[in-house]
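Here is the structure we will look at, set down as structure tokens.
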Amino acid sequence: MKMNRRHMLALSGAAAATTLFSPSVRAQASMPFKQSELPYEEGALSPVISARTVGLHFGKHHAGYFKKLNTLTEKTPYAELPLEEVVVRAKKENETAIFNNAAQAWNHNLYWEQFKGGPAAAEGALLDAVKSSFGGIDELQKQIVAESDKVFGTGWVWLVKDGDKLAVVGMQDAGNPLADGKKTLLGIDVWEHAYYLDYENRRTEHVAAVLAKLVNWQFVGEKFQSA
């Protein structure tokens, strides 16, 4: 059967409508916050963090925060904002559920990125600032480990730039220094899902190993320079 121009246009329009309103396209439209790909293989952090822990941590916990955040922010003004702004605004407006999931999504983005490229020593302006604030990188690492032991239950330990100074801050649950106007340079996850399969209750041992063997301090230095 021959098809005239009117029939072809009608079919083309129907196909376009089908694509536009298909479930996959609707799903994408309703999920503005998307988890980035893991920047290395799941086994790349082994033996400090096992592939099994990375798989569960990234694939279940981190992914879950993004999924819940998209559900909570659907058809709200938050869905139009960058993730970092959602963290700050939700904390200010006491939107606890949105803050918790947005902060955890953001926190983990930094967490995975700071290991990209493998361990590297601190240098340049960051190293000078570390020496000025803590006396040296070894003392900084000791302070982060000590702070991780003080966080009751779940939480994070952060290296932040506060004005012209560096500081180590421990925060519970999804706590994030962004909401307090501080620049985050390094974040160590001390929720049990980050370490329990590999270290059981030995949290400080895990934190010390992460700092010594996984953190790319040049990545931290780049964040320091841009803060």
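Residues that are free of Cβ contacts under 8 Å to residues at least 40 places away in the same chain and under 24 Å from residue 96 (Cβ atoms): list the strands (runs of 3 or more DSSP E) wholly contained in the stretch 124-225 that include at least 1 such residues.
By residue number, 155-162, 165-172.
Yes/no per residue for (1) of a type in the set (S, T, N, Q); (2) modelled with pLDDT of 95 or more; (3) under 21 Å from residue 138 (Cβ atoms):
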site	(1), (2), (3)
174	no, yes, no
180	no, no, no
185	no, yes, yes
194	no, yes, no
200	no, yes, no
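Which condition number does residue 19 fail, the rest of (1) among the polar types (S, T, N, Q); (2) modelled with pLDDT under 95; (3) open to solvent by less than 60 Å² (accessible area, probe 1.4 Å) being met?
(3)
With the structure loaded, tell me whether residue 192 is under 17 Å from residue 53 (Cα atoms) and touching a Lys or Arg at 6+ places or on another chain (Cβ under 9 Å) or whether it fails that test.
Considered against the rule, which asks whether it is under 17 Å from residue 53 (Cα atoms) and touching a Lys or Arg at 6+ places or on another chain (Cβ under 9 Å), residue 192 comes out as yes.
For the stretch 95-123, which positions are over 25 Å from residue 207 (Cβ atoms) and either in contact with a His (Cβ under 9 Å, 6 or more places away or on another chain) or in a helix (DSSP H, G or I) (or both)?
Correct list: 96, 97, 98.
If I ask for residues that are surrounded by fewer than 19 Cβ atoms within 10 Å (Cβ to Cβ), in contact with a Ser or Thr (Cβ under 7 Å, 6 or more places away or on another chain) and at pLDDT 95 or above, which ones from the stretch 154-172 would you list?
The answer is 172, and nothing else.
Check off (1) in contact with a strand residue (DSSP E or B) (Cβ under 9 Å, 6 or more places away or on another chain); (2) surrounded by fewer than 20 Cβ atoms within 10 Å (Cβ to Cβ) for residue 197 and give me the number that stays unchecked.
Against the list (1) in contact with a strand residue (DSSP E or B) (Cβ under 9 Å, 6 or more places away or on another chain); (2) surrounded by fewer than 20 Cβ atoms within 10 Å (Cβ to Cβ), residue 197 comes up short only on (1).
Let me spell it out: the conditions are (1) in contact (Cβ under 8 Å) with a residue 24 or more places away in the chain; (2) open to solvent by 40 Å² or more (accessible area, probe 1.4 Å), and residue 102 meets all of them except one. Which number is the exception?
Against the list (1) in contact (Cβ under 8 Å) with a residue 24 or more places away in the chain; (2) open to solvent by 40 Å² or more (accessible area, probe 1.4 Å), residue 102 comes up short only on (2).
Which condition does residue 118 not pass, out of (1) within 20 Å of the chain's Cα centre (by Cα); (2) at pLDDT 95 or above, if it passes all the others?
Unmet condition: (2).
Has the stretch 138-153 got at least one residue that is among the basic types (Lys, Arg), over 26 Å from residue 47 (Cβ atoms), modelled with pLDDT of 95 or more and open to solvent by less than 70 Å² (accessible area, probe 1.4 Å)?
Taking the stretch 138-153 as the starting set, the residues that turn out to be among the basic types (Lys, Arg) are 142, 150.
In the following step, the residues that additionally are over 26 Å from residue 47 (Cβ atoms) were identified as 150.
Now drop any that are not modelled with pLDDT of 95 or more, which leaves 150.
Imposing the further condition that a residue be open to solvent by less than 70 Å² (accessible area, probe 1.4 Å) reduces the set to none.
Within the stretch 138-153, not a single residue is among the basic types (Lys, Arg), over 26 Å from residue 47 (Cβ atoms), modelled with pLDDT of 95 or more and open to solvent by less than 70 Å² (accessible area, probe 1.4 Å).
The values are calculated or read from the model by the stated rules, or taken from the named source; none is laboratory data. Values in this document were obtained by computation on a predicted structure and should not be read as measured data. So basically every Cβ, Gly included, is an ideal-geometry build from the backbone, and we count neighbours across all protein chains shown. All accessible areas refer to the heavy atoms of the entire protein, side chains included, with ligands and DNA or RNA removed. Shrake-Rupley method; radii C 1.70, N 1.55, O 1.52, S 1.80 Å.
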